[in-house]
1. Report the gain in length on full extension from Glu64 to Glu286: 0.36 nm times residue separation, minus Cα-Cα distance, nm rounded to one decimal.
2. So for the pair Ile39, Ile228, with labels modelled 7 Å out along Cα→Cβ, what separation do we get in nm?
3. Lys244 to Glu101: FRET efficiency via 1/(1 + (r/R0)^6), r the Cβ-Cβ distance, R0 51 Å, to the nearest 0.05?
4. Between Lys17 and Lys211, what length in nm is gained on full extension when 0.36 nm per residue of separation is reduced by their alpha carbon distance?
5. Rounded to whole Å, give me the distance from the Cα center of region 242-320 to that of region 33-68.
6. Answer with one residue from Ile61, Thr256, Tyr178: the one whose Cα lies farthest towards the positive end of the charge dipole of the chain, charges on Cβ with Lys, Arg +1 and Asp, Glu -1.
7. Which shape class applies to region 34-87: rounded if a/c is under 1.5, otherwise prolate when a/b exceeds b/c and oblate if not, where a ≥ b ≥ c are the square roots of the Cα gyration tensor eigenvalues?
8. Binning at 20 Å from 0, report for the chain what percent of all alpha-carbon pair distances ends up in each bin.
Amino acid sequence: MDRKNLEKNIDEKNIKKVKSYANIAIIKYWGKKDAEKMIPATSSISLTLKDMYTETEISFISDEEAIEKTGEVTDLIYINGELQDREQRQKIGKVIDLFRENRSERVKIDTTNSMPTEAGLSSSSSGLSAAIMACNELFEKNLSRNELAQISKFASGSSCRSFFGPVTAWDKDTGEVYKVKTDLKFGMIMLVLNDAKKVISSRKGMEICTKTSKTFENWVKQSEIDFIEMKKYLEENDFEKVGKLTEENALRMHETPLTATPSFSYLSDKSHEAMNFVRKLRENGEKCYFTMDAGPNVKVLCLEKDLDRLKETFEKKYRVIASRVVELG
Ligand code: DP6
């Protein structure tokens, strides 16, 4: 083997590949009690989605390679083939620093999402959990799922739930991230109403709401009850109650930006229309419930057995991504 091929061979051996799944909350994490220690204001519960994932490749690079691409010594971050700007590189660099002991080592991360990036479709939960998993491989840390989840919350709170599935809880009091018991087999349908980047990030949005929203205190109080009830309904396999509470909890979360200063909303007219369509389907006997995150897209919770039929129904009106859940941990 000539030198060039030998180097290529060594390089390929050093590339680590991981896959991580997005999660969507049915009881929302919204607000931080302590941002430095990453203690959330609310406990949350989510579904981990098999068909919405991020695949990430990671490898060490030389300073020369970084300089050639960016003009500076930096980590190289690619999302869907696109080299990210300095701000994004620094953000992911901080995630890498959670593992990197030798600060002069530079890393290339090449990440591909199966869904639109940063459109409130939770690509950040799969993207950041994948980055954490990739670093665990590259830096040979051999950390457990639990340990990785605990590190991941510092990258992005919601990403810690992607290490478990199909249903995961993140407890605000104990900090634990764990699998919730249920025999219900879920499906989720994302209605992609607008795949443009969000205007106010979830981080910024929850910060504004924590500081200024008139309904925030009430949101936190009620959410504590919602969390306990949701775990009970899941354990009792009561889909109707799970679905109803999913909607109520999402609506309560979305009330907090409305009562913030300045007031804002993640939901658009299209979101309200879609929510009404879900209600209408329910009146006609379908078992489906909506939830929304820090963006206008509406996600529909259903049972796996109804997923294909409901997907067809929604497809007539919307661009959709349907997903089953995945068993992890
Ligand atoms: C609305 O995890 O994106 O999706 O911890 O500041 O990075 P940071 O926030 P992030 O918040 C997601 C909030 C949410 C609800 C949820 O997933 O529980």
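The values are calculated or read from the model by the stated rules, or taken from the named source; none is laboratory data. These numbers come from a predicted model, not from an experiment. Every residue, glycine as well, gets a Cβ built from its backbone with ideal geometry; the counts of neighbours run over all protein chains shown. Quick note on the areas: whole protein, heavy atoms, side chains included, nothing else; ligands and nucleic acids left out. Shrake-Rupley method; radii C 1.70, N 1.55, O 1.52, S 1.80 Å.
1. Result: 74.1 nm gained on full extension.
2. Placing both labels 7 Å along Cα→Cβ, they lie 2.0 nm apart.
3. 0.55
4. Net length gain for the segment: 65.8 nm.
5. The distance from the Cα centre of region 242-320 to that of region 33-68 comes to 26 Å.
6. Farthest towards the positive end: Thr256.
7. oblate
8. 32, 55, 12, 0
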